[in-house]
Structures are given as structure tokens and as C-alpha cells.
Amino acid sequence: MKPSITLQRHKEHYEIADSFDGRAFSRSEFKQRYQAAYPTRPPGSMIPSDFCVDLHPKGAETFPKFLRQPRRGWYQML
């Protein structure tokens with residue numbers, strides 16, 4: 001993936017997560033909002049766990065970390 005595309009996806013994930021105004025949100029809520037905002041993105045590209053400080057998904061080591069996972073399947077902005 002090209003760096004500019006990667007940075008755009010990071011920005012998109014941040015914007016969607018930030019739209020929950022600090023409240024915890026489920027993976028399905030995140031995917032719903034993401035799909036509504038970016039309908040051309042494939043469903044498999046919406047992965048909030050890649051951006052969690054308390055998770056270490058393989059392949060996402062260099063991703064910015066701006067979420068935490070208070071419980072399984074739920075996320076919250078830091």
C-alpha cells in the first residue's frame with residue numbers, strides 16, 4: 001500500500017472514531033459509520049483494533065495508536 005493511501009486510511013479511522021465524542025463504541029457501530037462515510041471502502045479495511053494502544057495486531061506495529069479496548073469488541077478514543 002502506498003504511504004499516501006496508508007495515511008488516508010489512518011485519517012479515516014481517526015475521524016470515524018472521533019465522531020463517537022469520547023463514548024465507547026462497538027466494532028459494528030464503527031463499521032456502520034465507516035461504511036456510511038466511505039462507501040467505496042471494502043468492509044475488511046475497517047479494523048479499529050489496529051489503532052489500539054492495548055492491542056498489538058500483527059502488521060499494525062507502525063500504525064498510530066489513538067484507541068483503547070475497554071472490553072472485547074469495544075473501543076474508545078484516548
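About its Cα centre, the dipole of the chain is roughly 200 debye, where the only charges are +1 on Lys and Arg Cβ and -1 on Asp and Glu Cβ.
Of the peptides 35-48, 13-26, the order by per-residue mean of other Cβ atoms within 10 Å, starting with the highest, comes out as 13-26, 35-48. Helix-only arithmetic for the chain: the sum of -39500 (n - 2.57) across DSSP H runs with n ≥ 4, divided by the residue total, places the mean residue ellipticity at 222 nm at -11000 deg cm²/dmol. Model label points for LYS58 and ASP18, set 7 angstrom from Cα along the Cα-to-Cβ axis, are 3.3 nm apart.
Read-outs: derived from the displayed coordinates by stated rules, not from any lab. Bear in mind that the values here come from a model prediction, so they are computed numbers and not experimental data. Neighbour counts are summed over all protein chains in view; Cβ atoms, including those assigned to glycine, are modelled from backbone coordinates with ideal geometry.
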